[in-house]
Amino acid sequence: MIPRLAAALLGVALLAPVARAQSPGAQARPGRPFEYTVPEVQSAAPAPSPSQHPAAPLVGAQIERLLRAQGLREAGRFDAAHDMLAALLAEAPHHPLVLAEMARLEADRKQWGAIERLARGERVATRDSLLLGQELVTALERLGHARDAAQIALEVWLASPAAGEWVEPALIRLDAADPRAVREVLGRGAPARLGHVALVRLAARLLWKHGEGPEALRLLADADALKPSTPARWGFAEELLFAATPRDTSGAVDALVELAADRALDAAYRLPAARRAWEISGRRRDGHEGALRVARALADLPPAAWAPDLLVGIVHALREAGDTGDVRALLDRLGERRDAVPGLKLEAALNELHDGPTPKALATLEQAAHGSVEGVFRYAEALFFAGMPDSAAALYRLVSNDPAGPYTGAALERLFLIEDAEPRDALPAFGRLAFASWRGDRARSLALADSLYHGLARGALWAQAALTLAAEHERGGDPAAALGPLIAVGDSLPGDRLAPLALQRAGDLYHLRLQDDAKALERYETCLTRYPRAWNASEVRRVVETIRRERRF
């Protein structure tokens, strides 16, 4: 036991080296392997002192008595240990090692009041903000004095930033017990010490936790005004992201956007914050709102200074949301440099197309399409929107030559539609429907799809209109209305290439949206019976097996 106790003692050694003097009785004797010699301690790398002031080293006999007192405490002989430690304190008043052992003794006896009296008296006598700080905080916490415990913890943290390893968790525990008291203590301490970034971040995090987000961000902004190497708002955002809750993620985006918008800071801090906020917004699927916020935050910085992927991403999100004016304003600020940013020329052309497939928009898109598979596909789409299906078909064939291409499937779908069209004069209406759907005009696309569905004779084009109408109803939140067109295709046109897909989608609606697995199985099994070798048969079969296994049909 003795070597272990000696190691524990040396782990909290003072800045001054332990004296090498030893008592005669401490020498090892042959045949007595459990007796010990107090080891010599090298002073090259002493452990940090728990005190702000250096203390005289204990001599060998005093170390022996301290170790003996520790052994008595571990053996449960508390009174004997107390008497020995009291005698040691009389010889070495205010000594941190002896005081720490006395505090451990009182903690083992659950005498929290005794620890409070001991710690308060010693801290006042020595004017030492670190001495017995952790022990006093623990005692006050056990006594239910959260405000006093938070105040002591704050004093310790300000005196020694390294103490944050235990102070920060302690303050979080105290906040859970008495939020008002802890926030008042930190509210007084944090603003006056904005250079203590870890303290400011904790104060902000607790404010955020209790619904005071604007006040938290103001505190962080005041700290960032001192221009630390890493802005406090950045660290605060990363801490919130680590919590991985929707509310905390939203708070992280708020902090990053505010950091990006802070014109008092250098762009070297603002631009990474903007990019991080944009990345998080993309993962949260609120790209449009995130794009607007980031664009406004960086409104004073030239777009040429933005990272290319950030610039293209913002333009893309704004364009897809229909904010064509904001896109033009952003691109006008960039000027001729926009042609040097990969992908931006195409985004600019698509932004013009958003207002309609005019001759000017088609010409702009044709120029932007060179050297890009996506550009060629988008130009083909624009021609289809404009009522020129034959011209579009030539480009769709070009795109579909690559079996693994990202736009091959969509190009083939358009080709099938154009080649199977009967009557041909209905294709311009399908172009207008496709354009309305592309630009997100759901009311118009729903009206056009409904008109085609009810106006066409039942054939390939009618089946296309039926599936489009069903998709529009589903996007609008009406799965029951989507079922009718799908079931009609499956029942009226069993030989059409879209019939297996219509049956699968009907089953999906019953299974996923309407929670009616019996009817879902009916549609899935009809699909498998009629079209056992259809391209979607393996996926339908997998879903059927899953439903039967989980529902025991």
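The values are calculated or read from the model by the stated rules, or taken from the named source; none is laboratory data. Here the structure is a predicted model, which is why all the values come from computation and not from measurement. Please note: Cβ atoms are built from the backbone with ideal geometry, for glycine as well, and neighbour counts cover all protein chains shown.
Taken as a whole, the condition of being in contact with a Ser or Thr (Cβ under 8 Å, 6 or more places away or on another chain) and either farther than 13 Å from L105 by Cα or modelled with pLDDT of 90 or more (or both) does not apply to E40.
In the range 474-491, the qualifying residues are those that are under 22 Å from L427 (Cα atoms) and not β-branched (V, I, T), and the one that is farthest from the chain's Cα centre (by Cα) is A488. Against the conditions (1) buried (at least 22 other Cβ atoms within 10 Å of the Cβ); (2) under 25 Å from G164 (Cα atoms); (3) at pLDDT 90 or above; (4) not basic (K, R), A81 satisfies every one except (2). A single member of A466, A502 is more than 18 Å from P423 (Cα to Cα) and either touching a Leu at 6+ places or on another chain (Cβ under 9 Å) or of a type outside the set (F, W, Y) (or both), and it is A502. Only residues that are touching a Leu at 6+ places or on another chain (Cβ under 7 Å) and of a type in the set (V, I, T) were counted across the range 372-427, and they come to 2. Which of (1) out of contact with any His (no Cβ under 9 Å at 6 or more places or on another chain); (2) within 30 Å of Q515 (Cβ to Cβ) does A410 not meet, given it meets every other one? Among (1) out of contact with any His (no Cβ under 9 Å at 6 or more places or on another chain); (2) within 30 Å of Q515 (Cβ to Cβ), the lone unmet condition for A410 is (2).
Per the listing V18, V12, the residue uniquely of a type in the set (V, I, T), farther than 17 Å from L132 by Cβ, modelled with pLDDT under 90 and assigned to a loop (DSSP other than H, G, I, E, B) is V18. Scan the range 300-317 and give yes if some residue there is in a loop (DSSP other than H, G, I, E, B), in contact (Cβ under 8 Å) with a residue 12 or more places away in the chain, surrounded by fewer than 19 Cβ atoms within 10 Å (Cβ to Cβ) and touching a Gly at 6+ places or on another chain (Cβ under 8 Å), otherwise no. There is no residue in the range 300-317 that is in a loop (DSSP other than H, G, I, E, B), in contact (Cβ under 8 Å) with a residue 12 or more places away in the chain, surrounded by fewer than 19 Cβ atoms within 10 Å (Cβ to Cβ) and touching a Gly at 6+ places or on another chain (Cβ under 8 Å). Please verify whether D286 is crowded, with 17+ Cβ neighbours inside 10 Å and either among the charged types (D, E, K, R) or touching a Cys at 6+ places or on another chain (Cβ under 6 Å) (or both), treating the condition exactly as stated. For D286, the condition - crowded, with 17+ Cβ neighbours inside 10 Å and either among the charged types (D, E, K, R) or touching a Cys at 6+ places or on another chain (Cβ under 6 Å) (or both) - is not met.
Could you check, for the range 363-371, whether at least one of its residues is hydroxyl-bearing (S, T, Y) and more than 27 Å from T249 (Cβ to Cβ)? There is at least one residue in the range 363-371 that is hydroxyl-bearing (S, T, Y) and more than 27 Å from T249 (Cβ to Cβ).
Touching a residue at least 60 places away in the same chain (Cβ under 8 Å) and buried (at least 19 other Cβ atoms within 10 Å of the Cβ): is that true of P357 in this structure? Answer is yes for this residue. For the range 481-496, state whether one or more residues are acidic (D, E), in contact with a helix residue (DSSP H, G or I) (Cβ under 6 Å, 6 or more places away or on another chain) and either at pLDDT below 95 or surrounded by 15 or more Cβ atoms within 10 Å (Cβ to Cβ) (or both). Checking the range 481-496: at least one residue is acidic (D, E), in contact with a helix residue (DSSP H, G or I) (Cβ under 6 Å, 6 or more places away or on another chain) and either at pLDDT below 95 or surrounded by 15 or more Cβ atoms within 10 Å (Cβ to Cβ) (or both). For the range 111-128, taking the residues that are under 16 Å from Q151 (Cα atoms) and of a type in the set (D, E), the one that is surrounded by the most Cβ atoms within 10 Å (Cβ to Cβ) is identified as E116. Inspection of the range 436-453 identifies no residue that is touching a residue at least 40 places away in the same chain (Cβ under 8 Å) and closer than 19 Å to G507 by Cα. Is it fair to say A470 is touching a helix residue (DSSP H, G or I) at 6+ places or on another chain (Cβ under 9 Å) and within 27 Å of D516 (Cα to Cα)? So A470 fits the description; yes.
Would you be able to say whether some residue in the range 264-281 is at positive phi, at pLDDT below 90 and out of contact with any His (no Cβ under 7 Å at 6 or more places or on another chain)? No, because not a single residue in the range 264-281 is at positive phi, at pLDDT below 90 and out of contact with any His (no Cβ under 7 Å at 6 or more places or on another chain). Taking the range 258-299 as the range and being in a loop (DSSP other than H, G, I, E, B) and more than 17 Å from the chain's Cα centre (by Cα) as the test, the residues that pass are D262, R263, A264, L265, D266, L298, A299. Do we find that R180 is basic (K, R) and modelled with pLDDT of 90 or more in this structure? When the stated conditions are applied, R180 does not pass them.
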